[in-house]
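Written below as structure tokens is the structure these notes are about.
The values are calculated or read from the model by the stated rules, or taken from the named source; none is laboratory data. This one's a predicted model, so the numbers in the text were calculated from it and none came from an experiment. Glycine also receives a Cβ, built like all others from the backbone with ideal geometry; neighbour counts cover every protein chain displayed. Surface areas here come from the heavy atoms of the whole protein model, side chains and all, with no ligands, DNA or RNA. Shrake-Rupley method; radii C 1.70, N 1.55, O 1.52, S 1.80 Å.
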Amino acid sequence: MANTLQEMEEVRLSKEKIQGICAVGPVFQNTVMMSGTPLGVAALKFNKEVFAVVLQHFASGLDVTNDKGDNIVHSLIKYAYLQPDKLKDVLEMLRFVLHCKFVMTDPIFEEKKWKIRKQARKLLMMTNKEKLNPLQLAAKRQQFGIFEYIMQGEVYHTRESGGGLFNEEVYDITEIETLNIEEDAEENEEEHIKHEQHESVLEYLVHHQTNNAFLFADFMPVKEVIREKWNSYKWWFNGWFVIHIISMVLLSVAAVYRSKLTGPVSRNNTADFAYVVTRNAFVTGVSIIGLLLGLSYLAMEISRVLISRFQFQASSNVMKCVLRHFSAPYSNFIFRIYFILFSLLLIVDCVIAAIDASGSLSGYEYFCLIFAVIVGWYLVMFFLQTFKAFSMFTVLIQKAVIDMLKFALVMAFFLVAFSVAMYMIMQGADTEDDDFNNFSTTMLKMLTIMLGIGELGILFQARHPYLAIFVFVLFVLLTTILLLNALIAMMSNSCTDLMNNYGGVLASKLHCRLQKLSVILFLEGVFPRCICKEVGVKKGKYRYDNNEWVHNKQRRIWARSSVPDHGGTETEKSPDQLHLTHQSQGIVSSIMQQLNPEIKETISKGTRISPAVSTISSFEPYLQQSLSTTRRTDITNISKKNVRRVPTK
């Protein structure tokens, strides 16, 4: 008996030892061993039989984690990011794990199936050491297929009956919403809401490349959050746009007046201006307006730092983070730099102009105002990006600037090389032109020749004209013909990519939606919480949080929209829909297009339809009357395919 107990204890200790195995170290990164645990390795190998054996004999449960706090779902998402060609296998393994299919195939798990199913739901609510749950990690790693699959699961998605005719798809958008959950003062004192760092899925989208960002932006819950937030913020934004335009008009007019001289002035003499700040009422007033505008823009950035609402960093390395912001097509980081530069230029101009007018400083010729006007008018693009007709231009300009930087680096090497060669050849030339007398003017002359605006006759006046002509022809072939055309081709490809038609949805529409999201994040970064728009309704849910299951301690934000049952053929789906997304066409628009003129007239007179709430039940009598009195084929098809009746008790 004692020997039997000793053997059982040894087996138990052996199992505990195996359960504690965790593969750590850089040698296991980017391999199937990155999951760190035996259960995770079996999942990443997509071996379902081994997975069931490991779960039965060695693992403590489905919720086992590695040293980074990643469970098996976290590991599968990271593996799909490293191995994009394995996405189909990853999705199949996720279905196997989250649907607990091993329970149905192996009777050993039958006794504890409810515990296992509870652990499967828990997997999608667990956060790793980066404070990311699987949904946030899938969005951060640009895995839309996994993100969509998780959002369509029971943890984030349910269907509720709406009026007995339609289903309401209800999505948990807590991780999509940009604002974290706050505790209300009137709530029960026993309720405790944590105030931790909250990284929103919407924050990740502005750092995605165009194709991935399009997929996320056209997903129904994401699209609905952006739409509702923009409807709340657009009045603030348009008002700001009007103020900025008026300010720039005044600054431009004042700049023209301030540049006028009292008389002719030589190159080396100090200019005497006719309209001076503090001496002319108009230019003084505009300078004060510019000072206030600059201070407000500067205060806006200071408040952003103090609020620190969005703490997501594209990279832990500062240089990499800045480069990713510049390369991200929808990031507002560049516009934030322009706003800071614009504010500093206005403040410095007003201060120095006032000091110069008092006589303490002389010789200021409004250099800051020159660049302030340029930057201020360019900032109009920040406001125009929210209009669909102009949304593509800001993205195109940003991509073109990146292409230009690459081109400029290569071009600089050729320009320096040929400028040195031409400077050497043109020494002692029989000409009165001094363009080649020093190296700086030689570089400028070669640049103008490259652009086709320079004179070529001077080359024949060199001491060795044929050598000068040969170097010039070689320079033109390598720069004007080769490099400039390569730059044009790069810009053309960028423009084509931006204007591509994705699954019937115009790219400009999705560009506009993503740039509205960029503006939303910009505004919410400086707005106080009382002004910020919070989407959806809050409901108590049974969730896994803080290493335990809790009741009514964490409120979730939900978004509702009236939709039909998923069905119909491919031709019945809306053309305004990406072919890779799993969404249904709005039933309201389909039915209204097919209703008879009498009902159309009745609805157009006094009935208003809201796509975000379930008001369709008010049209049910008209719909039933139409379905009972008409035998049109299109109505019959709608009743069979797009409408599913819920049987009443």
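Quick notes on this one:
- Positions within segment 48-82 being open to solvent by 10 Å² or more (accessible area, probe 1.4 Å) and either touching a strand residue (DSSP E or B) at 6+ places or on another chain (Cβ under 8 Å) or at pLDDT 90 or above (or both), in sequence order: Lys78, Tyr79, Tyr81, Leu82
- Residue that is nearest to the chain's Cα centre (by Cα), among those in segment 316-358 that are within 30 Å of Gly285 (Cβ to Cβ), open to solvent by less than 40 Å² (accessible area, probe 1.4 Å) and aromatic (Phe, Trp, Tyr): Phe335
- Test: residue in segment 439-453 that is β-branched (Val, Ile, Thr), open to solvent by 70 Å² or more (accessible area, probe 1.4 Å) and in a loop (DSSP other than H, G, I, E, B): yes
- Residue within segment 391-398 that is free of Cβ contacts under 8 Å to residues at least 12 places away in the same chain and surrounded by fewer than 18 Cβ atoms within 10 Å (Cβ to Cβ) present: no
- Scanning segment 386-421 for residues that are touching a Lys or Arg at 6+ places or on another chain (Cβ under 8 Å) and not hydroxyl-bearing (Ser, Thr, Tyr) returns a single hit, Lys388.
Per-residue answers, yes or no, for (1) within 21 Å of Phe472 (Cα to Cα); (2) in contact with a helix residue (DSSP H, G or I) (Cβ under 7 Å, 6 or more places away or on another chain); (3) of a type in the set (Val, Ile, Thr):
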| site | (1), (2), (3) |
| --- | --- |
| Leu379 | no, yes, no |
| Ser391 | no, yes, no |
| Thr394 | no, yes, yes |
| Val401 | no, no, yes |
| Phe407 | yes, yes, no |
| Met411 | yes, yes, no |
| Phe418 | yes, yes, no |
| Met422 | yes, yes, no |
| Ile425 | yes, yes, yes |
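- Residue within segment 318-329 that is modelled with pLDDT of 85 or more and charged (D, E, K, R) present: no
- When we screen Val505, Val471, Val476 for residues that are open to solvent by 10 Å² or more (accessible area, probe 1.4 Å), among the hydrophobic types (A, V, I, L, M, F, W, C) and either at pLDDT below 85 or within 22 Å of His325 (Cα to Cα) (or both), the only hit is Val476.
- Residue match in segment 284-293 (condition: open to solvent by 30 Å² or more (accessible area, probe 1.4 Å), in contact with a Ser or Thr (Cβ under 8 Å, 6 or more places away or on another chain) and not β-branched (Val, Ile, Thr)): no
- Only residues that are without any contact (Cβ under 8 Å) to a residue 24 or more places away in the chain, more than 18 Å from Val103 (Cβ to Cβ) and either outside any helix (DSSP H, G or I) or among the hydroxyl-bearing types (Ser, Thr, Tyr) (or both) were counted across segment 38-65, and they come to 1.
- The residue of segment 224-266 that is modelled with the lowest pLDDT, among those that are closer than 30 Å to Glu365 by Cβ and open to solvent by less than 20 Å² (accessible area, probe 1.4 Å), is Arg258.
- Consider segment 297-315 and keep the residues that are at pLDDT below 90 and aromatic (Phe, Trp, Tyr). The one that is most open to solvent (accessible area, probe 1.4 Å) is Phe310.
- Checked across segment 371-387, the condition of being within 18 Å of the chain's Cα centre (by Cα), within 23 Å of Asn212 (Cα to Cα) and open to solvent by 20 Å² or more (accessible area, probe 1.4 Å) holds for at least one residue.
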